[in-house]
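K.L.:
Can you read through this structure? Questions will come right after.
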Amino acid sequence: MRNIIISSLLATSLISGGSLGYNHFKKDITLVVDGKKKEISTFTGNVEELLIEQEVKYDTNDIINLPLDTKLTDGMNVEVTDIMVKIEKESKVVDFETEIVKDSEMKKGTTLVSVEGKNGENELVYEVTYHNGKQVGKKFIEENVITNPVNKVVKEGTKEEIKVEEVKEVKKEEEPKIIEEPVKEETTKEVEQVKETSESSEVSNLGTHMVVESTSYCQGSVTATGTQARWGVIAVDPNVIPFGTKVYIPQFDKVFIAEDTGGAIKGNKIDIFMENSDDAINWGRRNIDIYILK
């Protein structure tokens, strides 16, 4: 009888102890994987065993909030963050520039597009980091040229037309020092005389006709004779055309005065003073008729 009582007590103790042991090792855990949370109950001993039990896949790049050998306790939070690093590329437009090229063969004020512009393309390379599929970082690595831009080229005309000017009155302060009388009356009279005589084919009555090689210049403010350099002055070889000589040039329908000279002006050559460099360049070098007025 005594043996039966002891056996009953042992059985009761084992059953009770087993129930107490079950309750002691069972743990309620909050598991967060890829940002998704779930509540689970487990009998596993540490974090690593829990992840194996729950078939959670992870690698060395991923972040686990607790060391794998951490012992589990009831109410513990275990979180696994999926880390992904990608190389991503983006396209970048490279704008073309516009170049302006001066063209002396085109009329001033006109333009012409000789080369159409075209944008280029570059490739930008980034290292992009994602946590649970969301971008958290972006690091620039390099920029590569795919195609170079082609610049737009625009020609801009600089050529000025030389207009035949009418003989105008020369202001007193602009008169050459070697001329005392007003220029307008004499110049106009001489030009009219050239016209009338030309119409009657008796140009030789005015003086000497010459064919000369002409150039042009626009530099210098004072002539060799001490007068102001200006439109209406020519440089000559004084041994051929003396200083102060009035010279009619049909191309301009104007009377010029020989007041200047230069090292390159020798023999049948003249140099016509122009008001600006564009006119001087456009005139260049050419043979023309002139008349030495009496």
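Just so you know, all these numbers are worked out from the coordinates, no wet-lab data involved. Quick caveat, the model's predicted, so the values are computed rather than measured. Cβ placement follows ideal geometry from the backbone for every residue including glycine, while neighbour counts extend to all protein chains displayed.
K.L.:
If you go through segment 49-62, how many residues are loosely packed, with under 12 Cβ neighbours inside 10 Å and either more than 13 Å from LEU31 (Cβ to Cβ) or in contact with a strand residue (DSSP E or B) (Cβ under 8 Å, 6 or more places away or on another chain) (or both)?
P.N.:
Count: 4.
K.L.:
Could you give me the residue pairs with C-beta distances under 6 Å whose first residue belongs to segment 56-70 and is acidic (Asp, Glu), whose second residue is outside any loop (DSSP other than H, G, I, E, B) wherever it lies, and which are 6+ apart or on separate chains?
P.N.:
Qualifying pairs under 6 Å: ASP62/ILE83; ASP69/ASN46.
K.L.:
Another question, if that's okay. Which residue, of GLY133, GLY75, GLY109, is loosely packed, with under 11 Cβ neighbours inside 10 Å, out of contact with any helix residue (DSSP H, G or I) (no Cβ under 9 Å at 6 or more places or on another chain) and in contact (Cβ under 8 Å) with a residue 60 or more places away in the chain?
P.N.:
Values: GLY75 fails: in contact (Cβ under 8 Å) with a residue 60 or more places away in the chain; GLY109 fails: in contact (Cβ under 8 Å) with a residue 60 or more places away in the chain.
When all the criteria are applied, what remains is GLY133.
K.L.:
Mind listing whichever residues of segment 258-282 are buried (at least 18 other Cβ atoms within 10 Å of the Cβ), among the hydrophobic types (A, V, I, L, M, F, W, C) and not in a loop (DSSP other than H, G, I, E, B)?
P.N.:
ALA258, ILE270, ILE272, PHE273, ALA280
K.L.:
Still on this structure: Which of the residues belonging to segment 63-72 are outside any loop (DSSP other than H, G, I, E, B) and exposed (fewer than 15 other Cβ atoms within 10 Å of the Cβ)? Give the derivation first.
P.N.:
Step one: filter segment 63-72 for residues outside any loop (DSSP other than H, G, I, E, B), giving 63-64, 71.
Once the filter is applied, which keeps residues that are outside any loop (DSSP other than H, G, I, E, B) and exposed (fewer than 15 other Cβ atoms within 10 Å of the Cβ), segment 63-72 yields ILE63, LYS71.
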